[in-house]
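Have a look at this one.
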Amino acid sequence: MSGVQDELLRTLVKVAKALREQGIPFALTGGCAVYARGGPATEHDVDLLVREEDAKPAVSALVAAGMRAADAPEDWLLKVYDGDSLVDLLFRPNELPVTEETLARAEELAVGSVTLPVMPATDVMVSKLLVLDGHRCDFSELLPFARALREQIDWSRVIEATSHSPYAEAFLVLTERLDIRSTP
């Protein structure tokens with residue numbers, strides 16, 4: 001494990017503690033969720049889902065825990081830094097609001113030295129595929145994720161949830177051709 005991954009895990013422990021102390025519901029998603037479920041390590045950031053009404057209180061809780069808020073140009077997330085480690089608080093990823101039902105799908109898993117709610121691999125895959133577009137169409141991180149967690153992913157649900165995206169369709173064809181998934 002790299003030093004960056006160690007830093008992200010330390011940040012994740014601090015974040016989970018601060019949010020739990022304030023009673024703010026959240027769930028781990030993104031690359032750290034992939035790692036928590038047995039996939040490859042990430043060195044990007046910590047992505048958490050929170051409801052929109054909890055986003056600003058979450059930032060306040062994290063700032064009170066010693067982190068610093070940062071401006072986010074996007075209107076669907078807030079950003080906080082723990083040293084050099086970025087924490088994204090996503091409340092409307094892919095234009096889909098985070099709800100109690102969204103967070104209820106998370107499963108408590110051990111991640112580093114803490115147990116916390118982690119989104120299912122299917123949800124994470126759908127979210128990552130819906131980000132793909134003409135400017136962001138790199139499958140190099142998605143393929144190891146798909147390969148490592150293929151048994152945890154409900155591919156039929158992924159296909160249905162991403163059916164409007166030609167980029168997701170291209171990725172799904174590739175996963176089929178590489179025998180990462182079978183045709184449903």
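To test your reading of the geometry: what angle, between 0 and 90 degrees and rounded to tens, separates the Cα axis of helix 3-21 from the longest principal axis of the chain?
60 degrees
What are the ³J(HN,Hα) couplings of region 127-133, residue after residue, when phi is run through the Karplus curve with 6.51, -1.76, 1.60 and θ = phi - 60°? Round to Hz, x for glycine and proline.
Once rounded to whole Hz, the list reads 4, 5, 5, 6, 7, 4, 7.
Quick check for me: using +1 on Lys/Arg Cβ and -1 on Asp/Glu Cβ, what's the dipole size of region 1-88 about its Cα centre, in debye to the nearest 20?
In total the dipole reaches around 380 debye.
Along the charge dipole of region 3-119, pointing to its positive end and built from +1/-1 on Cβ of Lys, Arg, Asp and Glu, which listed residue (Ala41, Leu78, Val114) has its Cα farthest out?
Val114
Quick query: amide H of Asp154 versus all other amide H atoms, modeled in the peptide plane; which residues come in under 5 Å with a sequence gap of 5 or more or a different chain?
For Asp154, whose amide H was placed from the backbone, the distant partners under 5 Å are Thr122.
Can you give the angle from 0 to 90° between the axis of helix 166-177 and the longest principal axis of the chain, with both taken from C-alpha atoms, to the nearest 10?
60 degrees
Once you order the gyration tensor axes a ≥ b ≥ c over the Cα atoms, which shape class does region 1-111 get: rounded for a/c under 1.5, otherwise prolate or oblate by comparing a/b with b/c?
Because its axes are fairly even, with a/c under 1.5, region 1-111 counts as rounded.
A further question on this structure: Considering the dipole of the chain built from charges on the beta carbon (Lys and Arg +1, Asp and Glu -1) around the Cα centre, which of Ala55, Cys137, Leu12 is farthest to its positive end?
The one lying farthest along the dipole's positive direction is Leu12.
Treat every Asp and Glu Cβ in region 125-177 as -1 and every Lys and Arg Cβ as +1, leave all other atoms uncharged, and give the resulting dipole magnitude about the Cα centre to the nearest 20 debye.
For this selection, approximately 100 debye.
To the nearest 500 deg cm²/dmol, what mean residue ellipticity at 222 nm is calculated for the chain from DSSP H runs of n ≥ 4 alone, each contributing -39,500 (n - 2.57), summed and divided by the residues?
After summing the helix terms and dividing by the residues of the chain, the value is -13000 deg cm²/dmol.
Where the only charges are on Cβ atoms (+1 Lys, Arg; -1 Asp, Glu), what is the dipole of the chain about its Cα centre, to the nearest 20 debye?
Dipole about the Cα centre, nearest 20: 320 debye.
Ranked from highest to lowest mean number of other Cβ atoms within 10 Å per residue, what is the order of the peptides 35-44, 54-63, 173-182, 156-165?
Final packing ranking: 54-63, 35-44, 156-165, 173-182.
Read-outs: derived from the displayed coordinates by stated rules, not from any lab. As the structure is a computational prediction, the values presented were derived from the model and not from experiment. Please note: Cβ atoms are built from the backbone with ideal geometry, for glycine as well, and neighbour counts cover all protein chains shown.
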